[in-house]
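First up is the structure itself, then whatever we jot down about it.
The values are calculated or read from the model by the stated rules, or taken from the named source; none is laboratory data. This is a predicted model, so every value here is computed, not measured. We place every Cβ from the backbone using ideal geometry, glycine too, and count neighbours over all the protein chains shown. Just so you know, the surface numbers come from the protein's heavy atoms only, side chains and all, with ligands and any DNA or RNA stripped out. Shrake-Rupley method; radii C 1.70, N 1.55, O 1.52, S 1.80 Å.
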Amino acid sequence: MGNLVLKDFVRMEFEDLKNDLNQGNIPKVAAEYQKQLNEMQNLPLNIGVTGDAGVGKSSFVNAFRGVNDDDDEAAEVGPGKETMEPKAYPHPSFPNIKIWDLPGIGTYKVKAAEYLKKVQFESYDVFFMVISYRFTENNTMLANEIQRMRKKVYYVCSKIDITIDNEKRKRKFNVEDTLASMRKYCECSLKEAAGVSSSVYLISNREVHMYDFPLLQERIAAELPHHKKGILTLSLQIFSENELMWKKELMKSYIKKVALVSCAFGAMPVPGLSMACDVVILIDALRLFCKVFGLDDRSLRFLALQTGKEFEELRSAIKKTPLTNAIDAELVFSLLVKSSLWVAVSLVELALDFIPVIGSLFGGVSSYVVTYRFLNSFLDDAVEDARNVRAKLLQQPESQEKFKVTSQNLL
């Protein structure tokens, strides 16, 4: 019965591979599969962050990248740190995603009339316009130009935490009423000044788990062109079950591509090659999984500071997966040898490596099966750990629970 299942599996999934084996084109197959993986991880995405000077653009650039303001790779913030030239800040885990900190329009060094040419507006895929509570003349000019170019723009008011702190001093303070009032004011100001009917997202660069920041992430990922949304989704911080499931589905597709690369290497008639290649392939895949699901030291430290949690408190929620910097050949090999499937397949593969056609076919199939099953098992563990970390970081003292608000009326 097992042999019949294996034959059906080979017939359904590996017909093209069998043809390539017969024609001696295995290096070509491996190169094509690897090219697809490279395209997935290297597709460029350029996001421009614009707006008036002093409204929190640089802090937003850092927050969107999951970087603290005092990190080495952070955009400079604070008095006297105004951005005077467009500067790209790569995402720390996905460097093909670049967040561009654009100069503040209307400063004494950057005049509005020169601004559009200076920042090369046409080169960005999407924009964030960071605004203060009042929509200015400069904002109007920018909004109209972005609309003219048919570029997507998201309007962000980034200092809502300051407003909340000030309003809390009032005796009749209500957080929901304050947010609704601020949102209405900003959106009416935008419509009156620029004739644009659009949502305005109220966020805090210091508390990204609160207010509209999670919703803003989901909205941009959902609305990007199909070939761009996948890579952005992988980079987003996880604040909802939807985001977690989006990432999981994308990684399932990634696993199949990785398994096919492993399959192509396994089919090459070189004794022991597939085992060596599998370990290298799996190291890269497991490290990527940890970055995608925020199970790495940098992501945990950023979220700890944002939520007021201790790093070790968040780290304790990770039960099944190692941190990224712990993943090496020794760890991967130790996990593989615990797999009875891998041990059994490897022994048979060694015997068949010396039989040209049968050995190559079995090597390819066995590499695919082992890689596919191993990575799917690791994916399940990573999803479970990411869910546990999310639950931990979103825990708030009962007295603060009422301030953990998102904009459900924007859905």
Item to check | Unmet requirement for CYS290, which otherwise passes all of (1) farther than 28 Å from MET210 by Cα; (2) surrounded by 22 or more Cβ atoms within 10 Å (Cβ to Cβ) | outcome: (1)
Checklist entry - Hey, LEU411 hits all of (1) at pLDDT below 50; (2) within 21 Å of ARG206 (Cα to Cα) but one; which does it fall short on? => result (2)
Checklist entry - Of all residues in segment 315-331, which are at pLDDT below 85 and hydroxyl-bearing (Ser, Thr, Tyr)? => result THR324
Checklist entry - Is it true that some residue in segment 292-300 is at pLDDT below 80 and in a loop (DSSP other than H, G, I, E, B)? => result no
Checklist entry - Do you know which residues across segment 226-261 are under 19 Å from LEU215 (Cα atoms) and of a type in the set (Asp, Glu)? => result GLU241, GLU243
Item to check | Selected residue (only one of GLU241, GLU176 is within 30 Å of ASP385 (Cβ to Cβ), among the acidic types (Asp, Glu) and open to solvent by 60 Å² or more (accessible area, probe 1.4 Å)) | outcome: GLU241
Checklist entry - Out of segment 120-173, which residues are in a helix (DSSP H, G or I), surrounded by 21 or more Cβ atoms within 10 Å (Cβ to Cβ) and not polar (S, T, N, Q)? => result LEU142, ALA143, ILE146, ILE160, ILE164
Next on the checklist: When you scan segment 85-97, do you find a residue that is at pLDDT 85 or above, of a type outside the set (Ser, Thr, Tyr), closer than 30 Å to ARG134 by Cβ and not in a loop (DSSP other than H, G, I, E, B), even just one?
Outcome noted: yes
Checklist entry - If the Cβ limit is 7 Å and pairs must be 6+ apart or interchain, which residue in segment 82-102 that is under 16 Å from ASP125 (Cβ atoms) pairs with which residue that is acidic (Asp, Glu) and open to solvent by less than 40 Å² (accessible area, probe 1.4 Å)? => result TYR89/ASP101
